[in-house]
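Enquirer: There's a structure below that I have some questions on.
The values are calculated or read from the model by the stated rules, or taken from the named source; none is laboratory data. Quantities reported herein were computed from a predicted structural model and do not represent experimental measurements. When we count neighbours, we look across all protein chains shown, and the Cβ atoms used for this are built from the backbone with ideal geometry, even at glycine. The protein model used for the area step is the full one, side chains on, heavy atoms only, and it has no ligands, DNA or RNA in it. Shrake-Rupley method; radii C 1.70, N 1.55, O 1.52, S 1.80 Å.
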Amino acid sequence: MLHDGTWTSSGGSFKLADVLAFDFLHEAEERLKSGQTFRYLEIGGGWAGFRTEPSAKSVNVAGLAKHLEQHLGRRAFLHITNLTPWHTELPEGVTEHPFVTAAGLSALETQGVRRGTFDIIYSQAAAYFEPDLGSFLAAASSLLREGGVLIFNFRPEDSGTISGCARASGLILRKSINAGGMNGVVIAFEKPLQVHRAIEAESAAAVIDLSRDWREEYRQQAS
Ligand SMILES: C[S@@+](CC[C@H](N)C(=O)[O-])C[C@H]1O[C@@H](n2cnc3c(N)ncnc32)[C@H](O)[C@@H]1O
């Protein structure tokens, strides 16, 4: 499923999302179908699939852009951060933010991006290299809308830091899988709706390597 050796790719893909059974295309379609906007942010996206001619079936930002073509720049907005500029030309509605690290994500708020607006924040093998995980999680949480999800992978030895910083940033664990080898732990956090915050406080003892369906648990507890 994921390669088990050293990182070799900067092409960009939604492999980590696949591993946790998140379908970004479906999420985007559902948001747009219900008359809302869709906003996606990829941290350290590299080429994000734009190096070659994408098709609407490509499972990367370029494929998403192709698929959402008619909404791009109107109701669908895709953002990529990179440490340096990678892209000279991108479709309208797709924005690269160069010189932004995972920890420095709040810089986007000075670049016309409003906090509390992203449906999905994704980082495949990029936030993985971030030494300041607390700043990364706080900034990502600030940029997510309520109900939005953050998916990334990290080294297993960072589990304790990730767990504590996520909780401090108001994020709750949705799913995690230890993918093994260099891929480390793949995790999905959710920024809960206000109404669920009290329930979440009771469940503060979330353990990262347990895979639980939190949304379903919330539904049951709230009903
Ligand atoms: C193995 S590549 C992965 C690229 C792409 N996400 C993919 O899945 O193909 C690692 C990327 O992480 C980026 N990176 C390294 N340290 C970072 C940090 N602290 N914050 C954000 N990106 C970082 C590098 O610039 C590089 O583009």
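Enquirer: Taking Arg31, is it over 29 Å from Ile162 (Cα atoms) and basic (Lys, Arg)?
Expert: Working: over 29 Å from Ile162 (Cα atoms): no; basic (Lys, Arg): yes.
Spelling it out, it is not the case that Arg31 is over 29 Å from Ile162 (Cα atoms) and basic (Lys, Arg).
Enquirer: Considering each residue of the stretch 46-69, count those that are of a type in the set (A, V, I, L, M), over 28 Å from Glu146 (Cβ atoms) and either modelled with pLDDT of 95 or more or not in a loop (DSSP other than H, G, I, E, B) (or both), and give that number.
Expert: Going through the stretch 46-69 one residue at a time, the tally reaches 1.
Enquirer: While we're on this one: Within the stretch 49-63, how many residues turn out to be in contact (Cβ under 8 Å) with a residue 40 or more places away in the chain and either away from the ligand (no atom under 14 Å from the Cβ) or open to solvent by 60 Å² or more (accessible area, probe 1.4 Å) (or both)? Reasoning before the result, please.
Expert: Start the filter on the stretch 49-63 by keeping residues that are in contact (Cβ under 8 Å) with a residue 40 or more places away in the chain, which leaves 50-51, 59-62.
Next, only the ones that are either away from the ligand (no atom under 14 Å from the Cβ) or open to solvent by 60 Å² or more (accessible area, probe 1.4 Å) (or both) stay: 51, 59.
So the answer is 2.
Enquirer: Any residue at all in the stretch 123-138 that's modelled with pLDDT of 95 or more, in contact with a Pro (Cβ under 8 Å, 6 or more places away or on another chain) and over 18 Å from Leu16 (Cβ atoms)?
Expert: The answer is no; no qualifying residue exists.
Enquirer: When you scan the stretch 37-45, do you find a residue that is within 19 Å of Glu146 (Cβ to Cβ) and either within 11 Å of the ligand (Cβ to nearest atom) or open to solvent by 70 Å² or more (accessible area, probe 1.4 Å) (or both), even just one?
Expert: Here is the first cut: in the stretch 37-45, the residues within 19 Å of Glu146 (Cβ to Cβ) are 37-41.
Add one more test, that the residue is either within 11 Å of the ligand (Cβ to nearest atom) or open to solvent by 70 Å² or more (accessible area, probe 1.4 Å) (or both), and what stays is none.
No, that holds for no residue.
Enquirer: A follow-up question, please. Working only within the stretch 103-112, note down all residues that are away from the ligand (no atom under 16 Å from the Cβ) and either under 24 Å from Ala179 (Cβ atoms) or in a loop (DSSP other than H, G, I, E, B) (or both).
Expert: Step one: filter the stretch 103-112 for residues away from the ligand (no atom under 16 Å from the Cβ), giving 109-110, 112.
Matches in the stretch 103-112: Gly112 only.
Enquirer: So, one more: List the pairs whose first member sits in the stretch 117-128 and is near the ligand (Cβ under 9 Å from one of its atoms) and part of a loop (DSSP other than H, G, I, E, B), whose second member is at pLDDT below 95 and among the basic types (Lys, Arg), and whose Cβ atoms are under 7 Å apart, counting only residues at least 6 apart or on separate chains?
Expert: Gln124/Lys15
Enquirer: Given the criterion modelled with pLDDT under 95 and assigned to a helix (DSSP H, G or I), identify the matching residue among Asp18, Asp4. Quick ask: steps written out before the conclusion?
Expert: On the way: Asp4 fails: assigned to a helix (DSSP H, G or I).
Going through Asp18, Asp4 in turn, the sole match is Asp18.
Enquirer: Check Ala166, Ala139 and return the single one that is more than 13 Å from the ligand (Cβ to nearest atom), of a type in the set (A, V, I, L, M, F, W, C) and in a helix (DSSP H, G or I).
Expert: Working: Ala139 fails: more than 13 Å from the ligand (Cβ to nearest atom).
That would be Ala166, the only listed residue that is more than 13 Å from the ligand (Cβ to nearest atom), of a type in the set (A, V, I, L, M, F, W, C) and in a helix (DSSP H, G or I).
Yes or no, residue by residue, for (1) touching a Phe, Trp or Tyr at 6+ places or on another chain (Cβ under 8 Å); (2) small (Gly, Ala, Ser):
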residue: Phe136; (1), (2): no, no
residue: Ser142; (1), (2): no, yes
residue: Val149; (1), (2): yes, no
residue: Pro156; (1), (2): no, no
residue: Gly160; (1), (2): no, yes
residue: Gly164; (1), (2): no, yes
residue: Ser169; (1), (2): no, yes
residue: Arg174; (1), (2): yes, no
residue: Ile187; (1), (2): yes, no
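Enquirer: Just to be sure I understand the filter: pairs with C-beta atoms under 8 Å, separated by 6 or more residues or on different chains, first member in the stretch 79-102 and more than 15 Å from Ser123 (Cα to Cα) and within 9 Å of the ligand (Cβ to nearest atom), second member outside any loop (DSSP other than H, G, I, E, B) and open to solvent by 20 Å² or more (accessible area, probe 1.4 Å). Which pairs pass?
Expert: Thr84/Pro98; Trp86/Glu96; Trp86/Pro98
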